[in-house]
Amino acid sequence: MSYLSLSERDRKEMLERIGVSSVDDLFCCIPEAIHLKKDLDLPGPLSEMELAAEIQAIAGRNAPAGILSFMGGGAYPHFIPSVVDYLSSRGEFVSPYTPYQPEVSQGTLQVIFEFQTLICQLTGLDIANASLYEGATAAAEAVLMAQRVTGKAKVLVAASLHPQYREVIRTYVRNLDLTVEEVPFTERGTVDAAALDKALDDGTAAVLFQSPNYFGVCEDVRSISTAAKTKGALSVAMVAEALSLALLEAPGKLGADIVAGEAQSFGIPLGFGGPYLGFMAARKEYLRQLPGRICGQTTDVEGQRGYVLTLSTREQHIRREKATSNICTNQALCALRATIYLAAMGREGLRRAARHNVAKTAYALEKLLAVRGVERRFSGPVFNEFVIQLPKPWLDVDKALRKKGIRGGIGLDKSGPGFERCVLVCITELHAGEDIDRLAAGLEEVLR
Amino acid sequence: MIREIREPLLFEISAEGKGCSYLAPLDVPESAETLSGVALRETIEGFPEVSETEVTRHFTRLSQKNYCVDMGIYPLGSCTMKYNPKINEKLSSLPAFTESHPQAPEEDIQGNLEVLKLTEKLLSEITGMDAFSLQPAAGAHGELAGMMLIRALLEDRGDPRKFVLIPDSAHGTNPSSAHICGYTVKEIKSNAAGMIDLGNLAEAMSDEVAALMVTNPNTLGVFESEILEATRIVHDKGGLVYMDGANMNALTGIVRPGDMGVDVLHLNLHKTFSTPHGGGGPGSGPVGVKKILEPYLPVPVVVEKEGRFAIDTDRPKSIGRMRSFFANYLVVVRALCYILSLGPRGMREIAETAVLNANYIRKSLEGLYHLKYDAPTLHECVFSDKRQKEHGVSNLDIAKRLIDTGVHPPTMSFPLIVHGALMIEPTETESRRDLDLFIEAMVKIAGEAEKDPEVLRSAPHITYVRRLDETGAARNPVLRWEKNP
């Protein structure tokens, strides 16, 4: 095995220096009764050639990549410039640990500082952390943070929030003194303002919603935030499609107090769901309650600018059971990819990509709604995802479409009664006009 | 690179109108009709505009300011900074994996599901547990999941209980994980050998205690040799035993947590099964359980029926979902590659070599640095700065001076029970030459501490930045770049 670097002679001399006769002697502190008496029942060892063949064979049991897919729903296919893969796979970025020794970690630290700045610029807020696991856990952390900030124990969550984000929130609060209520959506596909007003009270810690929401519809961030504020609750805007921030007004500028979400769209491959990149930004008065790591600027003994991890008293080192969260690791390498992606795309490139998404979505809506029997499920404005309702159950349509090599979107049959015929369709810059034409023609045939 | 070259921030090299072009021309009519009524922004204030050349040079220069395990020994105790095989990077980047949508239909993702199922099976064999969930995104996330599983089982029995016992040598995240599960933490003091004191444990254990959270080998690198007695004490009072498996590379192929009375544990795939740490993530922290806890595992669960793989979310007793989709999937692929490439003998050899390397360092530095606990250690050893303190030199000074010698310092903030700790974990992949380089550096520094302490206190001397003002950073937080601060 080429990963271990000791020769037989090394081993012998090292054992001599330690003063034992065999490696087994080093395990004498483990009671004999529990020593494993046989080899583990594992396959291998495989040489690199065999391993590559084995893993490629398993990968080959997936449907071949390249099927025409219109799936989004919290995991978005976007173009990734080559420079992202190239730079982010440098060993100097890939193989260090958390930057506990800042003098030899300035590369990682400066990247985190730049990442925090980019997230602040995109969200319109003052401070951001060094990343969280992903969008759903970021939503749960935002709920816990709102409770810490307000001292209140009820959280209102929009029913139009990604269903898996809502599930994760429920898991996180199951043992805590925190109740979560869902606020329904209207026929526009947006938060029901009247229901929100009714549910809001002085015991509400936060209103948590997503924009564009799970149905692709953009929420009225300003009016939800205003409503939350009248009762002293925080407005928490979740963003699952981070590219939308290039074009939509920054939620922080519209009154959101915390903006959190998923930045997978920024140069991170679909990867069957992970690793992804959670982010969180907030107003600066909530700094002490922000979970996760934070990088700060400082100076060295010569007065040179440098960066360090800071404000770690919020973390587990001190008052351990009172830490703001139990988060230890973050997603530094994914944050690096996002930082390189955003730098390479640049201000105008990113905005252009977002405009492509919008224009192609408009084109797709026009084409699909022209298919007989296809209707829009919600009337609200959309960025790059929307729900259509078909004249037949989605499960049947999906099967027929897939025979044509098209994955038409994500069926919403699990979103409750009345959604059996609904599908969430996502269009990005990767879809050419003729791909969209193919989807429309495919639907036309299937529904005929 | 020359130390004097400073790399500006991305925002400082930006200039209006620069940028790259990556997208094909728009082939449908320009339209924003579908966004009508939405508040739009005119620009992204302060956002960078740079060329690809500048992007490449900026990040390449930044990369050169990092120390990394591909460069040399990185003996951060408990962090397990081992070499990560390059083939794992290549195989986890296969388009079949990277371009795979997590909501794709089951028949299109049979390969992905097979990776998950196979990895669960192999991890169960390595740890002696009955089932695994790969959902948790990191070690601390796995801890949280594990404690939730315990609580769910106890609630099901109508007896959720109040307390969790945690040894004072535990990892920092353990208490906060227990806390989020609604438990109050009681600390168990270690004995003179650095192990759980069975007397203290028996006294603290009652029918109000839900679980003992144990790290084995613990953060001193010491194997809890009375683990069978400890787990019996907990089980006798109806409690469960949680093990933090962060240090599993000391045990693979030697002994299995499942055979020690552990009911639930988490592993750090990125440590024991080698995924590069990426400057602080992503990791992956699967939880393994005994049969009694299996019904409570997070959803989704991958099930195998007649050679086909399916996703099961209909599990009434499940604690729910810990994360969206299927965990840090590409990390799981790397872990699988690692296990398959090692095989049963290799799994044992990594533990043997990790322990040999650590004991070699320990023996070589004994007498020069203070060893608070002299119990036998496995994969890591913990010295302190007690001797050097006599010359006014702290563990921080030692760490900073080590940087000048071209090696990464050990862990210093841990464990909390050793003041001025130097927690050294060489891992199994280090060569004799690299071990000796580290030892020589530590020997040299011990000498300097006596003869020339100032050279330590003013270290590091040759890095891009010198010693940084961490107190100032916390007192006056500057957390982002601003155009006109």
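For segment B:53-98, a simple Cβ point-charge model (Lys and Arg +1, Asp and Glu -1, everything else neutral) yields a dipole of about 60 debye relative to the Cα centre.
Using bins of 20 Å that start at zero, the share of Cα-Cα pairs per bin across chain A amounts to 22, 48, 25, 5, 0, in whole %. Residue by residue, segment B:415-423 carries 3J(HN,Hα) couplings of x, 5, 7, 10, 6, x, 5, 10, 9 Hz when phi is fed to the Karplus relation 6.51 cos²θ - 1.76 cosθ + 1.60 (θ = phi - 60°); x denotes Gly or Pro.
Proximity of backbone amide H atoms, modeled 1.01 Å from N, is registered between B:SER190 and B:ASP168 at under 5 Å, excluding neighbours fewer than 5 places apart on the same chain.
What is the angle, in °, between the Cα long axis of helix A:394-403 and the longest principal axis of the Cα atoms in chain A? Nearest 10 is fine, range 0 to 90. Relative to chain A, helix A:394-403 is tipped by roughly 70 degrees. The calculated pair-distance distribution of segment A:367-440 uses every alpha carbon pair, bins of 5 angstrom beginning at 0, and gives 3, 15, 27, 29, 18, 6, 1 percent. When each of A:LEU178, B:LEU76, B:LEU228 is scored by the number of other beta-carbon atoms lying within 10 Å, the sequence from fewest to most is B:LEU228, A:LEU178, B:LEU76.
All other residues whose Cβ lies under 14 angstrom from that of B:GLY281 are scored, Lys and Arg at +1 and Asp and Glu at -1, for a net of +4.
Annotation for segment A:394-448 versus segment A:295-309: alpha-carbon center distance of 52 Å.
For chain B, hydrophobic long helices are taken as DSSP H runs at least 20 Å long by C-alpha position along their axis with mean Kyte-Doolittle hydropathy of -1.0 or more; these are B:110-127, B:139-156, B:329-365, B:432-451. Selection among B:GLY172, A:SER47, A:ILE119 by position relative to the dipole of the protein assembly as shown gives A:ILE119 as farthest towards the positive end (Cβ unit charges, Cα centre). Dividing the mean sequence gap of close Cα pairs (under 8 Å, 6+ apart) by how many residues chain A holds gives a relative contact order of 20 percent. One Cα centroid belongs to segment B:363-423, the other to segment A:172-194; the line between them spans 51 Å. For segment A:39-109, the C-alpha radius of gyration sits at 1.71 times the compact-globule guess of 2.2 N^0.38 Å, with N the residue count. Under the simplified labelling scheme, the A:GLN304-B:ARG6 pair shows an inter-label distance of 1.0 nm, with each label point 7 Å from Cα along Cα→Cβ.
Once you reduce segment A:1-51 and segment B:37-90 to the center of their Cα atoms, the two points are 35 Å from each other. Charged neighbours of A:GLY433, selected by a Cβ distance under 12 Å, balance to -3 (K, R count +1; D, E count -1). Sequentially through segment B:240-254, phi angles give Karplus couplings (6.51, -1.76, 1.60; θ = phi - 60°) of 10, 10, 9, 10, 7, x, 4, 9, 5, 5, 7, 10, 4, x, 9 Hz, Gly and Pro residues having no value and appearing as x.
With the charge dipole of segment B:350-485 set up from +1 on Lys and Arg Cβ and -1 on Asp and Glu Cβ about the Cα centre, the Cα lying farthest toward the positive end among the listed residues B:VAL465, B:GLY420, B:ASN484 is that of B:ASN484. Neighbour counting of Cβ atoms within 10 Å sorts the residues B:ILE424, A:ILE18, fewest neighbours leading, into A:ILE18, B:ILE424. Here A:PHE272, B:PHE11 are placed in order of increasing Cβ neighbour count within 10 Å, fewest first, which gives B:PHE11, A:PHE272.
Computed from point charges on the beta carbon alone (+1 for Lys and Arg, -1 for Asp and Glu), the dipole magnitude for segment A:153-276 about its Cα centre is near 120 Debye. Applying the Karplus relation 6.51 cos²θ - 1.76 cosθ + 1.60 with θ = phi - 60° to segment A:265-271 yields 3J(HN,Hα) values of 4, 8, x, 10, x, 4, x Hz, where x marks Gly and Pro. From its DSSP helices (H runs of at least four residues, each -39,500 (n - 2.57)), chain A gives a residue-normalised ellipticity at 222 nm of -11500 deg cm²/dmol.
Its relative contact order, with pairs defined as Cα atoms under 8 Å and 6+ residues apart, puts segment A:170-301 at 16 percent.
Across the protein assembly as shown, Cα-Cα pairs farther apart than 54 Å form 11% of the total.
Using Cβ point charges alone (K and R +1, D and E -1), the dipole size of chain B about the Cα centre works out to roughly 800 debye. Seen against the Cα atoms of chain A and their longest principal axis, helix A:48-59 is set at about 20 degrees.
For chain A, the longest principal axis of the C-alpha atoms and the axis of helix A:332-369 are separated by about 20°.
Since every read-out is calculated from the coordinates, none of them should be taken as a lab result. Computed from a predicted structure; not experimentally measured. Because the Cβ atoms are built from the backbone with ideal geometry, glycine has one as well, and the counts that use them run over all protein chains shown.
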